[in-house]
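Below is one structure, written out as structure tokens, with a few remarks after it.
The values are calculated or read from the model by the stated rules, or taken from the named source; none is laboratory data. As the structure is a prediction and not an experimental result, all values here were calculated from the model. With ideal geometry, Cβ positions are generated from the backbone for all residues, glycine too; neighbour counts draw on all protein chains shown. All accessible areas refer to the heavy atoms of the entire protein, side chains included, with ligands and DNA or RNA removed. Shrake-Rupley method; radii C 1.70, N 1.55, O 1.52, S 1.80 Å.
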Amino acid sequence: MLHQDDPQPLATVKDAPDGSTGLARNQIGVLGIVFFVVAAAAPLTVVVALFPVIIGAGNGVGIAGAFVVVAVVLTLFAVGYVAMSKHITNAGAFYAFITRGLGRPMGLGSASLAIFAYNAIQLGVIGGFGYYAAEFVNKHTNTAIPWWVFSFLAMAASLFLGVRQIHAGARVLAVLLTLETGVILVLNIGILVNSPTPISDYSFEPFAPSAVFAGALGVALMFAHASFIGFEGTAIYGEEAKDPKRTVPRATYTSVIFMGVFYAVTAFLIVNAVGVGKVVGLAETEGGNLVFAVSDSVLGRIGTEAFQLLVITSLFAAILTFHNNVARYLYSLGRQGVIWARLGTTHPTRQSPALACYVQIGMVAVVVAIFALFGLDPYTTLFTWWTGVGAAAIILLQTIASIAIFVFFRRSDVDKRPWNTFIAPLLGIAGLLPFLWYAVTGMDVLLGGGGWLQISFTAMLFASLAIGIIGAYLIRARSPQPYAQLNSTLGDRT
């Protein structure tokens, strides 16, 4: 006999509490989901902002191999994740998966952790958007417009698109992602054509184990992993996808493999363009301007201007994606009555989680307003602090999910494929645990400082998980019947 916290038989997803038909169906295909999840990673921002950190403070010239290592681990994680997505289609994604595998308390804890993680990352990205947009506009117009004006404009635009049906946002992301990946491809081609280093002299040391596992490997792996954040969001759009049992798996593998190859190749070319013996020194002196320096040498000033503009659009694409992610988690929890039930309703005509979209923007707007009122720097505080703790939270969430997936298939007979349900999930757990260790013990690196800052943000990380777990036990004590029915809208077997 199953305990009430054990996984229950899979059930069909129900309609929203107000009787509406739930999220709009058949709205988005493989490419649409890929646009959302890759946009969350903001590839151009990764190349501009994180590459110099990995090279200068991480494993140096081994940066390309670090991306390969992370891509392999996340692909192993994706095998079990995809296998489970074929049996559970839910906008709560991690919440639904972890609830099925590890029970309701850990499931609600993971939902709380996911909302914190995505909100934190979005806050950081909003700060980065405001910083880069203000710098760009002020430079070209000589007008001193505060950064927070641009941040609030970005939030308003993401809210507008979020309230509309999901395919509207997918179209915008398709354009923005095409532009930012296009400019990186142009840079790569420019390096091959105009690099001071002839192609015949290119070194493959960036992939050599002696280089990959050298230096501050933990720093390299943490920031390389952060470059993939968002790919796990494929399952979030399952309820709105066309043929989700096929769409979600294809989108997941496409996203992680595309990003792994894209980052590794770009890093390899940049290292060789500067020179294996010179790139670490240049990264330390140039910092965030490293890629601009490379662009200046191979593309000229116009190419660098394009980079600086598209970094802004790249950040907006990430803001929109994380907005949609959090809104769907709030919708999923509201639909089950775990939080305000009205959040589980949809727009009467667009069938989008409209109220959840408004609440999500309200949550981050309050924090942005506080940082603006206190005159805090949007890059060194809002961007650095919140993306750091958000990245750590995602690693913790993925680790818990990988354990839940492994346990789910041990307890269930829905899939008995050894590689998909046993070997790959186990390898995924083994691969993610070192990432989690580096993230928690190296929080000061992610935050750019230690002391009270490290203690505060580490406490927030684990508190966000604990709040959901404690809340689950409170619900069970006060409302046993609703608690027992929490699994009723978690997924389906079709």
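Residue by residue through segment 198-210, note down the ones that are within 21 Å of Leu299 (Cβ to Cβ) and surrounded by fewer than 17 Cβ atoms within 10 Å (Cβ to Cβ).
Matches in segment 198-210: Pro198, Ile199, Asp201.
Scanning segment 83-103 for residues that are open to solvent by 10 Å² or more (accessible area, probe 1.4 Å) and modelled with pLDDT of 90 or more yields one hit, Leu102. Can you confirm whether Ala283 is hydrophobic (A, V, I, L, M, F, W, C) and surrounded by 21 or more Cβ atoms within 10 Å (Cβ to Cβ)? Judged against the criteria, Ala283 is a match. Checked against (1) open to solvent by less than 30 Å² (accessible area, probe 1.4 Å); (2) out of contact with any helix residue (DSSP H, G or I) (no Cβ under 8 Å at 6 or more places or on another chain), Leu397 passes all but condition (2).
If you scan segment 133-180, which residues turn out to be among the charged types (D, E, K, R) and closer than 30 Å to Ala24 by Cβ?
First, pick out the residues of segment 133-180 that are among the charged types (D, E, K, R): 135, 139, 164, 171, 180.
Matches in segment 133-180: Arg164, Arg171, Glu180.
Filtering segment 370-419 to residues that are in contact (Cβ under 8 Å) with a residue 40 or more places away in the chain and basic (Lys, Arg) leaves Arg411, Arg417.
Within segment 253-270, residues that are under 16 Å from Ile54 (Cα atoms) have Cβ atoms under 8 Å from residues that are of a type in the set (Lys, Arg) and open to solvent by 10 Å² or more (accessible area, probe 1.4 Å) in no pair, counting only partners at least 6 apart in sequence or on another chain. Remark: Ala306 falls outside the filter, which requires a residue to be in a helix (DSSP H, G or I) and open to solvent by less than 10 Å² (accessible area, probe 1.4 Å). Of the set (1) within 14 Å of Gln398 (Cα to Cα); (2) open to solvent by 60 Å² or more (accessible area, probe 1.4 Å), all apply to Phe422 but (1). In segment 283-299, the residues that are without any contact (Cβ under 8 Å) to a residue 40 or more places away in the chain form Cβ pairs under 6 Å with partners that are open to solvent by 10 Å² or more (accessible area, probe 1.4 Å) and not β-branched (Val, Ile, Thr), at six or more places apart or across chains, as follows: Ala293/Glu286.
Scanning segment 343-354 for residues that are of a type outside the set (Ser, Thr, Tyr), open to solvent by 40 Å² or more (accessible area, probe 1.4 Å) and either more than 16 Å from Arg328 (Cβ to Cβ) or touching a helix residue (DSSP H, G or I) at 6+ places or on another chain (Cβ under 6 Å) (or both) gives His347, Pro348. Taking the criterion of being open to solvent by less than 50 Å² (accessible area, probe 1.4 Å) and over 21 Å from the mean Cα position of the chain (by Cα), the residues of segment 457-471 that qualify are Ala466, Ile469, Gly471. In the set (1) modelled with pLDDT under 95; (2) open to solvent by less than 10 Å² (accessible area, probe 1.4 Å); (3) not small (Gly, Ala, Ser), Tyr379 fails one condition alone, (2).
Within segment 335-359, the set of residues being hydrophobic (A, V, I, L, M, F, W, C) and either part of a helix (DSSP H, G or I) or under 18 Å from Arg25 (Cα atoms) (or both) comprises Ala341, Leu343, Ala354, Leu355, Ala356, Cys357, Val359. Against the condition of a type in the set (A, V, I, L, M, F, W, C) and under 30 Å from Gly281 (Cβ atoms), how does Ala241 come out, does it pass? So Ala241 does not fit the description; no. Starting from residues that are open to solvent by less than 20 Å² (accessible area, probe 1.4 Å) and touching a Ser or Thr at 6+ places or on another chain (Cβ under 7 Å), keep the ones in segment 174-196 and report whichever is modelled with the lowest pLDDT. Here the answer is Glu180. Looking at Ala120, Ala157, just one residue is under 25 Å from the mean Cα position of the chain (by Cα) and open to solvent by 30 Å² or more (accessible area, probe 1.4 Å), and that residue is Ala157. Set side by side, the residues Gly390, Gly431, Gly362 differ, and just one is more than 29 Å from Gly337 (Cβ to Cβ) and either open to solvent by less than 40 Å² (accessible area, probe 1.4 Å) or at pLDDT 95 or above (or both), which is Gly431.
Table: residues versus (1) of a type in the set (A, V, I, L, M); (2) in contact with a helix residue (DSSP H, G or I) (Cβ under 7 Å, 6 or more places away or on another chain).
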residue: Ala156; (1), (2): yes, no
residue: Leu177; (1), (2): yes, yes
residue: Glu205; (1), (2): no, yes
residue: Ala216; (1), (2): yes, yes
residue: Ala220; (1), (2): yes, yes
residue: Gly233; (1), (2): no, yes
residue: Arg246; (1), (2): no, no
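Let me confirm something: among Arg335, Arg342, which residue is at pLDDT 90 or above, charged (D, E, K, R), farther than 17 Å from Phe150 by Cβ and over 19 Å from the mean Cα position of the chain (by Cα)?
Arg342
Taking the criterion of being more than 24 Å from Phe97 (Cβ to Cβ) and among the aromatic types (Phe, Trp, Tyr), would at least one residue in segment 357-367 satisfy it? Looking for residues that are more than 24 Å from Phe97 (Cβ to Cβ) and among the aromatic types (Phe, Trp, Tyr), one finds at least one in segment 357-367, hence yes. Of the listed requirements (1) buried (at least 24 other Cβ atoms within 10 Å of the Cβ); (2) over 18 Å from Ala235 (Cα atoms), Ala372 misses just one: (1).
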